[in-house]
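Computed from the coordinates by the stated procedures, all read-outs in this text should not be read as laboratory data. Note that the structure is predicted; figures quoted are calculated from it, not measured. As a convention, Cβ positions derive from the backbone with ideal geometry for all residues, glycine included, and neighbour counts pool all protein chains shown.
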Amino acid sequence: MYGQVKKFVEEGETLAIATIVSTLGSTPREVGAQMVVTASGEILGTVGGGCGEAEVIREAVQVIRSHRPALVKVELMDDIESDSPAVCGGILNVFVDPWWNDSDSALCGKLADELLRVRRDGAAAVLATVIKAENCGAAVPGEKCFIRDGAVKAGNINNGELLKAVIAEAEVRLKREECRQVALALPGTDGKADVFFQVIPAVRKVIIVGAGHLAIPLVKFAKTLGFHITVVDDRVMYANRNRFPDVDEILVGNMAETLRGIPITPQTYIVLITRGHQFDEPCLREVLHSPAKYIGMIGSRRRVKACFIRFVDGEGIPEELLKKVYAPIGLDIRAESPEEIALSIVAEMVKVRRGGTAQSLAVHDEKR
């Protein structure tokens, strides 16, 4: 979408970007969902469809004409017999923001460049937009800044105190991977502002250790969810492009040693599904102390408990450290086939990312 935005702006077309900044009740789209409306009538993306979206589009036309942003309240309260998606019963607050080629600052072009850059690099960033401002000097709705690596790369928020507050809050949103409208109070003043933080998380990576039958559907599900996928195995007859044409990386070699050479970040998910515990356990040792977001290991409850006892009693590994391991792997959906087990694993990864409460099979899940 941002590539198209850049193209429109460079061609001198004014457009409006509509972003859901808050919701109440049941809604068809989540906070952060966006739609682009151009002056020529082209529409990219959706904020939910139906009459509610039509209302946003009408407001977007006015925003394009006036070059002034607007906050639209969409009530999805159609009659229950209606066929419209607007029967969800909730409320959407949508900020409609004009983007155009401002010759004085070229801000929108710069922002589009930065957004494309982080997408290309797989990096994390935040686009903060002022929704409402009171007693913040000359600050007005629509002012924004793009923050990456703790620094402002582009923006037009000139109030120093507000900018400091925005940068600090952006770090909080990044850690939580949460798009949100936040009320900020400026220290030592009666100034306050509502700011929406559009979080672009770093690319999530999954390392699948073991290229057996289970890995095939697991790759398909993970790819659908947008993960960067690495498959690791010590058998070239399994770990190859014919078997896994869509993965980003295939590594063949001793699995534990190979894991040692892979960078692991808080955006990394590790799935240990090798052909036996004699391979799983050395791999687990390699990643236990890593900052990985998720570590899952396949195996029966009996085998997992025996492994953990060996780690604690024989190697002095803290029991608290083992509680970060989801083993047996997956959610409790009584999965049997490789496809069902793969589904339960990916669902558990989503649970960990989103902070869900679904029951895991893990021996420590009841203590999480």
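Let me check I've understood the local charge: for Thr274, count other residues with C-beta under 11 angstrom from its C-beta, Lys and Arg +1, Asp and Glu -1. What total comes out?
Working: positive: Arg235, Arg275; negative: Asp233, Asp234, Asp280, Glu281.
Local charge sum for Thr274: -2.
Give Lys144/Lys192; Lys6/Lys110; Lys6/Lys153; Lys6/Lys205 a once-over and call out the pairs whose C-alpha atoms are over 19 Å from each other. Cα-Cα > 19 Å for Lys6/Lys205; rest within.
Would you mind calculating the gained length between Arg120 and Arg310 on full extension (0.36 nm times residue separation, minus the Cα-Cα distance), in nm to one decimal?
On the way: separation 190, 0.36 × 190 = 68.40 nm, distance 4.34 nm.
Value of the extension gain: 64.1 nm.
Relative to the 2.2 N^0.38 Å rule of thumb, the range 205-267 has a C-alpha radius of gyration ratio of 1.03. The ellipsoid that matches the Cα gyration tensor of the chain has semi-axes, each √(5λ) in whole angstrom, of 44, 23, 21, with the longest given first. Here the convex hull built on the C-alpha positions of the range 107-200 has a volume of 79 cubic angstrom per residue.
In what order do Thr268, Thr189 fall by count of nearby beta-carbon atoms within 10 Å, going from fewest to most? Don't skip to the end; give the middle numbers.
Details: Thr268 23, Thr189 13.
Least to most surrounded, the residues fall as Thr189, Thr268.
Seen from Val172, the other residues with C-beta closer than 10 Å to its C-beta sum to a net charge of +1, counting Lys and Arg as +1 and Asp and Glu as -1.
Compute the orientation-averaged projected area for the range 2-99 from the convex hull of its Cα atoms and round it to one decimal in nm². Please list the in-between numbers first.
Working: hull surface 23.1 nm².
Averaging across all directions leaves 5.8 nm² for the Cα convex hull.
Estimated at 0.36 nm per residue, the fully extended path between Arg58 and Glu336 surpasses their Cα-Cα distance by 95.1 nm.
Which FRET efficiency, nearest 0.05, do Ala106 and Lys323 yield, Cβ-Cβ r, R0 56 Å?
Numbers: r = 51 Å, r/R0 = 0.91.
For Ala106 and Lys323, the calculated efficiency is 0.65.
Over the chain, dividing the summed -39,500 (n - 2.57) contributions of all DSSP H runs of at least 4 residues by the number of residues returns a 222 nm mean residue ellipticity of -9500 deg cm²/dmol.
Label-to-label distance for Asp246 and Arg302 is 3.7 nm, based on points extended 7 Å past Cα in the beta-carbon direction. Once Rg and the Kirkwood radius are both taken over the C-alpha atoms of the range 265-368, their ratio Rg/Rh works out to 0.93. When only the Cβ of Lys, Arg, Asp and Glu is charged (+1, +1, -1, -1), the dipole of the range 205-367 relative to its Cα centre reaches about 200 debye. The Cα atoms of the range 149-255 cover 67, 21, 21 Å along the three principal axes, with the biggest extent listed first.
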